[in-house]
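The values are calculated or read from the model by the stated rules, or taken from the named source; none is laboratory data. Owing to the predicted nature of the structure, the values given are computational and were not obtained by experimental measurement. Glycine gets a Cβ as well: all are built from the backbone with ideal geometry, and neighbour counts include every protein chain shown.
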Amino acid sequence: MNIKGVEKAAILIMTLKDEQIIRDIFSRLDQSEIYEISLAMTNLGNIESDQVEKILIEFAHDLNQSLQVVGNVRSAERLLKKVLDENEYNKIFDKIKYANTSSTWEMISNMDDMSVAHFIKHEYPQTAAVILSKLPGFKTAKVLKLLSKEFSVEVLRRMINLDPVNPETLTRVERVIESEIGSISSYFNKQDNLTVVTEIFNNFSKDEEGFYMNAIREMDPETASKIASNMLTFEDLLLVNEDGIASIIQRVENSTLVVALAGASKALQDLFLASMSQRVARMISDEIESSRYSRNDSIEAQMRILKVVKTMITDGTISIEKNT
């Protein structure tokens, strides 16, 4: 087993019996270092005593009588609770839970849409809502389109109203997936339900968006209003200042921008063109006027740009203040 430096540090700390020594060690580390070591603890698995011995010799420490270490989430959790204050523990362990999420969700995301839909349609709507809330919005949007309208609407409604999932429910969902797809060991990170469902709606076509929005509005007008007010549309870019538009242009290929703007309002076209050099603006304008792109082509290009925009909003490069 090839043990890395951070894993050696994790093994060393987990063999120490004096909590004060552990506190002293952590007090000399910054939060990112504590996080890296803590994450390594949860991923160690079984480390045989001879390997532990070699590592302890490298660190030039006295050997403990019991040298076998079992590193997993629970053992790391018990140790961290003893040596960190509550706020620091919560910050570190929330990150660990997220980072330790099983690759099962990546595996499901990489499955073909029909297979995921076939798996989901046999579950209770609540279970389906929990599972789909863990997938990327574009994937969930495609899967929902393959389910019956009634079932998919019910799942969407439940997704936005999901309460924090209790351990018993998570265990049951894990067993369902394990029996159908494969062995897993996962911890669910908390997500904002509204954000998850909004992302799904942002990946629907206009017709699909209209259908699901109307269906949810009939059942729950308040929920539909929340989704609508939270959705980011291409026209919302009118709320971005000139510097922000210029930053977006720098991150998007001209070919994508042309197709997207071809289906945008005149006001939004003018805003983008005003943020370009005269030469580039003239070239883009000519291409827009002579373009024959379909509405679907424009929507797909706009969605690609919106994904870039969402990243820029997250990292603070730009901001969009919508009236709610």
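If I filter the range 2-21 down to residues being in a helix (DSSP H, G or I) and among the aliphatic types (A, V, I, L, M), which single residue comes out as farthest from Val52 (Cα to Cα)?
This residue is Ile21.
Of the residues Gln269, Gln250, which single one is assigned to a helix (DSSP H, G or I) and exposed (fewer than 11 other Cβ atoms within 10 Å of the Cβ)?
One residue alone meets the criteria, Gln250.
Against the condition assigned to a helix (DSSP H, G or I) and in the same structural domain as Met303 (by TED's automatic domain parsing), how does Ile245 come out, does it pass?
Yes, satisfied.
Answer yes or no: is there a residue in the range 176-187 that is at pLDDT 70 or above and surrounded by fewer than 20 Cβ atoms within 10 Å (Cβ to Cβ).
no
What about Leu194, is it part of a helix (DSSP H, G or I) and within 17 Å of Arg158 (Cβ to Cβ)?
yes
What are the residues in the range 29-48 that are over 19 Å from Asn87 (Cβ atoms) and free of Cβ contacts under 8 Å to residues at least 24 places away in the same chain, if any?
If the condition is that a residue be over 19 Å from Asn87 (Cβ atoms) and free of Cβ contacts under 8 Å to residues at least 24 places away in the same chain, then Glu48 is the only one that fits.
Which residue is nearest to Ala301 (Cα to Cα), if the candidates are limited to the range 234-244 and must be under 25 Å from the mean Cα position of the chain (by Cα) and not small (Gly, Ala, Ser)?
Result: Phe234.
Might you let me know whether the range 108-126 holds any residue that is modelled with pLDDT under 80, within 29 Å of Ser38 (Cα to Cα) and surrounded by 18 or more Cβ atoms within 10 Å (Cβ to Cβ)?
Checked the range 108-126: at least one residue is modelled with pLDDT under 80, within 29 Å of Ser38 (Cα to Cα) and surrounded by 18 or more Cβ atoms within 10 Å (Cβ to Cβ).
Within the range 1-28, which residues are farther than 17 Å from Asp85 by Cβ and among the charged types (D, E, K, R)?
Those that are farther than 17 Å from Asp85 by Cβ and among the charged types (D, E, K, R): Lys4, Glu7, Lys8, Lys17, Asp18.
Within the bounds of the range 301-314, is there any residue that is assigned to a loop (DSSP other than H, G, I, E, B), crowded, with 17+ Cβ neighbours inside 10 Å and touching a residue at least 40 places away in the same chain (Cβ under 8 Å)?
No.
Restricting to the range 250-297, count the residues that are polar (S, T, N, Q), farther than 21 Å from Thr233 by Cβ and over 29 Å from the mean Cα position of the chain (by Cα).
4
May I ask you to verify whether Leu232 is over 15 Å from Ile284 (Cα atoms) and touching a residue at least 12 places away in the same chain (Cβ under 8 Å)?
yes
Which residues, taken from the range 206-224, are surrounded by 14 or more Cβ atoms within 10 Å (Cβ to Cβ) and among the polar types (S, T, N, Q)?
Selection gives Thr223 alone.
Which residue out of Ser133, Ser75 is at pLDDT 70 or above and either outside the structural domain of Arg28 (by TED's automatic domain parsing) or under 30 Å from Ile47 (Cα atoms) (or both)?
None of the others qualify; the one that does is Ser133.
Sort out which residues of the range 272-286 are part of a helix (DSSP H, G or I) and under 11 Å from Ile245 (Cβ atoms), and write them in order of number.
Within the range 272-286, Phe272, Leu273, Ala274 meet the criteria.
Pick from the range 35-58 the residues that are surrounded by 13 or more Cβ atoms within 10 Å (Cβ to Cβ) and outside any helix (DSSP H, G or I): which of them is modelled with the lowest pLDDT?
Checking each candidate, the answer is Leu44.
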